[in-house]
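The values are calculated or read from the model by the stated rules, or taken from the named source; none is laboratory data. Everything numeric in this text was worked out from a predicted model, so none of it was measured. Backbone-built Cβ (ideal geometry, glycine too); neighbour counts: all protein chains shown. Side chains included, ligands, DNA and RNA excluded: accessible areas come from the protein's heavy atoms. Shrake-Rupley method; radii C 1.70, N 1.55, O 1.52, S 1.80 Å.
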Amino acid sequence: MAQTFESILRYPAADVECAREALERAVGIVREDLGVFTEKFPSSNSFGGFYEAGENVEWTTGFWTGVIWLAYEHTGDEAFRRAAEIQVDSFLHRIQHKIDVNHHDMGFLFSLSCVAAYKLTGNEKAKEAALLAADHLAERYREKGQFLQAWGNVGEASEYRMIIDCLLNLPILYWASEVTGDGKYARMAENHIRTAMKCILREDNSTYHTYFMDMETGEPAYGVTHQGNRNGSAWARGQAWGIYGIALSYHYLRDESYIELFERVTDFFIKHLPEDLIPYWDFDFDTGSTEPRDSSAAAIAVCGMLEMVKYLDEERAKKYRDAARVILKALIDRCANQDTEKSNGLLLHGTYARDSKENTCTNRGVDECNTWGDYFYMEALTRMVSDWNMYW
């Protein structure tokens with residue numbers, strides 16, 4: 001049976017006290033993890049519940065630094081600040097030497113590590129790193145089609161496409177325009193989301209994961225999945241990227257048309273939640289399925305709703321605020337790590353990638369923690385207990 005906003009209200013909702021207790025538990029785990037993950041970074045996903053230590057590579061390391069900054073904001077403990085600033089130095093080195101950055105994920109990497117550091121402490125190295133990352137992302141902008149190319153070498157015909165995840169990489173461009181006074185970054189971001197909404201959002205309000213553009217004309221070509229169950233399905237995390245990505249662009253652009261887009265994408269997400277409110281990795285699957293969940297999708301969606309309610313009239317704001325608090329309570333009750341003997345992560349039951357007949361993935365991080373799930377869970381809790389000035 002499909003969920004409705006009325007049916008959602010049957011469930012318990014997180015309140016400030018509940019969220020504060022969950023945040024305290026999460027901060028305690030982060031504190032324990034600093035001994036391993038200060039000079040090193042956690043792997044993108046856990047293995048048997050535990051992250052492994054590695055270098056500053058892949059698209060996910062910024063989430064961990066973001067978690068540290070959130071812990072610092074909550075506690076004021078200088079130990080968190082020192083650890084995060086050590087990692088800022090690593091990010092400056094990474095972008096200066098172009099280490100594993102041939103992709104669009106500069107926002108995931110540098111907004112939560114370096115933009116956060118600059119906003120919180122005025123760290124000039126962090127500002128330098130984030131602006132270099134914005135310049136690097138801007139190089140991926142394709143005028144034919146007006147979008148940021150996600151993967152592969154710039155202009156490569158076989159990778160002339162965008163992906164919905166990129167909506168979360170746009171804020172570093174908006175920020176770069178604010179800091180430098182150069183509007184070119186924000187123009188690229190605005191053009192990208194306009195193109196994405198024209199192509200990626202389907203008539204039924206679900207979303208494609210990836211969408212190819214015609215390299216010669218710049219016109220929309222076709223959508224396919226990369227991590228969803230099939231080309232025509234709704235990958236749960238992709239739908240959540242849509243929720244939060246639209247909310248973030250509305251924050252910067254205040255384009256009223258984005259309110260309707262937000263409602264369409266968010267209502268689809270809520271309608272297709274299973275009975276226990278923790279989405280399966282793809283919305284092809286519903287209550288009773290044996291397929292794995294993706295708790296990170298729920299955490300991302302909660303953050304997007306809590307951001308967007310700031311701009312809605314009270315009737316609509318209440319609807320999405322209530323839904324966000326109910327989903328967050330489900331995450332606290334069903335997915336929050338309560339035992340550091342079993343995991344060093346924060347949010348259990350995530351899925352990095354799940355293979356299917358129509359996608360190109362192999363199983364990775366299935367029913368594990370992942371760093372972005374941990375981050376968005378921490379961000380959602382922080383939004384509940386404070387008037388948070390976001391890093392995005």
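Among the helices (runs of 4 or more DSSP H) confined to segment 60-117, the ones with at least 3 residues that are among the acidic types (Asp, Glu) are located at 78-96. Determine, yes or no, whether ARG10 is open to solvent by 10 Å² or more (accessible area, probe 1.4 Å) and under 16 Å from MET378 (Cα atoms). Against the criterion (open to solvent by 10 Å² or more (accessible area, probe 1.4 Å) and under 16 Å from MET378 (Cα atoms)), ARG10 does not qualify. Within segment 314-341, the set of residues being in a helix (DSSP H, G or I) and open to solvent by 80 Å² or more (accessible area, probe 1.4 Å) comprises GLU314, GLU315, LYS318, ARG325, ASP333, ARG334. Residue count for segment 144-186, restricted to those that are open to solvent by less than 20 Å² (accessible area, probe 1.4 Å) and within 20 Å of the chain's Cα centre (by Cα): 19. Here the condition is being of a type in the set (Ser, Thr, Tyr) and not in a helix (DSSP H, G or I); of SER249, SER289, SER296, it holds for SER289 alone. Looking at ASP294, ASP282, just one residue is touching a Pro at 6+ places or on another chain (Cβ under 7 Å) and either surrounded by 24 or more Cβ atoms within 10 Å (Cβ to Cβ) or among the β-branched types (Val, Ile, Thr) (or both), and that residue is ASP294. Do the conditions hold for VAL30, that is, is it in contact with a helix residue (DSSP H, G or I) (Cβ under 9 Å, 6 or more places away or on another chain), surrounded by fewer than 14 Cβ atoms within 10 Å (Cβ to Cβ) and among the aliphatic types (A, V, I, L, M)? In short, no. Could you grab me the full set of residues in segment 350-380 that are within 16 Å of the chain's Cα centre (by Cα) and open to solvent by 20 Å² or more (accessible area, probe 1.4 Å)? Selection gives TYR352 alone. Looking only at residues of segment 246-264 that are among the aromatic types (Phe, Trp, Tyr) and buried (at least 20 other Cβ atoms within 10 Å of the Cβ), we find that the one that is nearest to LYS198 (Cα to Cα) is TYR258. Residues in segment 203-244 that are open to solvent by 30 Å² or more (accessible area, probe 1.4 Å) and over 23 Å from TYR352 (Cα atoms): GLU203, ASP204, ASN205, ASP214, MET215, GLU216, THR217, GLU219, PRO220, ALA221, TYR222. In the set (1) over 23 Å from the mean Cα position of the chain (by Cα); (2) free of Cβ contacts under 8 Å to residues at least 24 places away in the same chain, LYS40 fails one condition alone, (1).
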